[in-house]
Amino acid sequence: MFPRPIERASKTSRVAYQSFLPFALFLWLLPLLAIFLTSMRGSKDINTGNVFGWPTEFKLIENYYTVFAQTEAVKYLINSFLITIPSVAISVSLACLAGYALAIYRFRLALPLFFVFVAGNFVPFQILMIPVRDLSVQTGLYDTIAGQFLFHAAFQTGFCTLFMRNFIKALPFDLIESARVEGVAEWRIFWYIIVPLVRPAIAALAVLIFTFVWNDFFWANVLTQGEQVKPITAGVRALNGQFISNWHLVSAASLLAAVPPVVMFFLMQRHFIAGLTLGAVK
């Protein structure tokens, strides 16, 4: 049922694994290495077509300074945080409440309502492009920060609820019954018993939704028109001029945009390990 640890494999398998792993890691990192190499190039290499060769001049500090000082990249990064953080907070909070209700309370529409949350995850998001844009225009949320994070929060809540409901369902129901016998209010049961137990799941969801929303490019272009409210994923292309190619600046800004999700993942890595063992011990 579970894969056999590599330590228990044959010597030939271990040697093949140890030989193939660095090669696979290099292939995985090759695009990032190419982008990093481009971010060190000067404009002379870009204009002469030396995009994939070794740089003739290294301007790492100058390129990153230009991105911060002479472009709108900082504003795009701030917009990304203003969109992503509320989206994560709203979707995870609603998912905790909805997951608790669907997992603990028994009512007639519990299962159909849960199926609605599940089915919403299988709807292709491309078919929602025109209705969502029209709705945002009619409500005055088009081309605004609020319109973007409200949409992301609504779109991600279904997946978060599915995730959270399954975590809460796996918890011992005796804990809740014991608290109810003692006369503990429902909101206290949720806040002081359920939330601490599912904290690893909350952390995992926060990292996942942060990554999903931060890396979004499609809806950033559908729900915005001007440059003032674009996140970094959509605004980075504005660094490339109409008649001049600034791929070295685009590469530098792209690497900067990749830093926050990576940092958040490593900060929350301990909670992922705790989430893997949740429910493993009775």
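Bear in mind that the values in this text are calculations on the coordinates, not laboratory data. What you see is a predicted model; the values in this text were computed from it and never measured. With ideal geometry, Cβ positions are generated from the backbone for all residues, glycine too; neighbour counts draw on all protein chains shown.
For the range 78-138, applying the loop criterion from DSSP together with a ceiling of 12 other beta carbons within 10 Å to the chymotrypsin sites (Phe, Trp or Tyr not before Pro) yields 105, 107, 122. Taking 24 Å as the straight-line reach from the Cα of residue 230, the lysines in range (excluding those fewer than 8 positions away in the same chain) are 75. Annotation: amide H of residue 268 has no partner in the under-5 Å range at sequence separation 5 or more or interchain, hydrogens built in the peptide plane.
Between residue 185 and residue 225, full extension at 0.36 nm per residue minus the direct alpha carbon distance yields a gain of 9.6 nm. Which listed residue (33, 58, 21) has the Cα farthest towards the positive end of the charge dipole for the range 6-66, taking +1 on Lys and Arg C-beta and -1 on Asp and Glu C-beta about the Cα centre? Going by the Cα projections, it comes out as 21. Rounded to whole numbers, the Karplus 3J(HN,Hα) couplings from phi for the range 156-166 are 8, 5, x, 5, 5, 5, 4, 5, 6, 4, 5 Hz, using 6.51 cos²θ - 1.76 cosθ + 1.60 with θ = phi - 60°, and x at Gly and Pro. Anisotropy class assigned to the chain is oblate, per the alpha carbon gyration tensor with a/c at or over the 1.5 cut-off and a/b no larger than b/c.
The calculated FRET efficiency for residue 30 paired with residue 154, based on their beta-carbon distance and R0 = 45 Å, is about 0.75. Straight-line cross-link reach from residue 169 at under 29 Å between alpha-carbon atoms covers these lysines, not counting any fewer than eight positions away in the same chain: 282.
If exposed means no more than 13 neighbouring beta carbons inside 10 Å and the site is in a DSSP loop, what's the longest run of the chain without any exposed GluC sites (Glu not before Pro)? Counting at most 13 other Cβ atoms within 10 Å as exposed, the longest clean stretch of the chain is 58-181. Annotation: extensible slack from residue 134 through residue 265 equals 43.7 nm (criterion: 0.36 nm per residue apart, minus Cα-Cα distance). Farthest toward the positive end of the dipole of the chain, out of 232, 171, 157, is the Cα of 171, where the dipole comes from beta carbon charges about the Cα centre.
The phi torsions of the range 14-21, fed into the Karplus equation with coefficients 6.51, -1.76 and 1.60 and a -60° offset, translate into couplings of 5, 5, 5, 5, 5, 7, 7, 4 Hz, rounded to whole numbers, with Gly and Pro shown as x.
Per-residue Karplus couplings for the range 221-230, computed as 6.51 cos²θ - 1.76 cosθ + 1.60 with θ equal to phi - 60°, are listed in order as 8, 6, 8, 10, 10, x, 7, 6, 10, 6 Hz, Gly and Pro entered as x.
Stokes-Einstein, applied to the Kirkwood radius of the range 6-66 over Cα pairs at a viscosity of 1.567 mPa s and 4 °C, places its translational diffusion at 92 µm² s⁻¹. With a ≥ b ≥ c taken as the square roots of the eigenvalues of the C-alpha gyration tensor of the range 175-245, please select rounded if a/c is under 1.5 and otherwise prolate if a/b is larger than b/c or oblate if it is not? Note, shape of the range 175-245 comes out prolate.
For the chain, the Cβ-based charge dipole about the Cα centre amounts to some 840 debye (Lys, Arg positive; Asp, Glu negative; other atoms uncharged). In this rough spin-label picture, where each label sits 7 Å from Cα along the Cβ direction, the residue 109-residue 13 distance is 5.2 nm. A straight Cα-to-Cα reach below 12 Å connects residue 59 with the aspartates and glutamates 45, residues fewer than 8 places away in its own chain not being considered.
When the helix-only estimate is applied to the chain (DSSP H runs of n ≥ 4, each -39,500 (n - 2.57), divided by the residue count), what is the mean residue ellipticity at 222 nm, nearest 500 deg cm²/dmol? Computed mean residue ellipticity for the chain: -21500 deg cm²/dmol.
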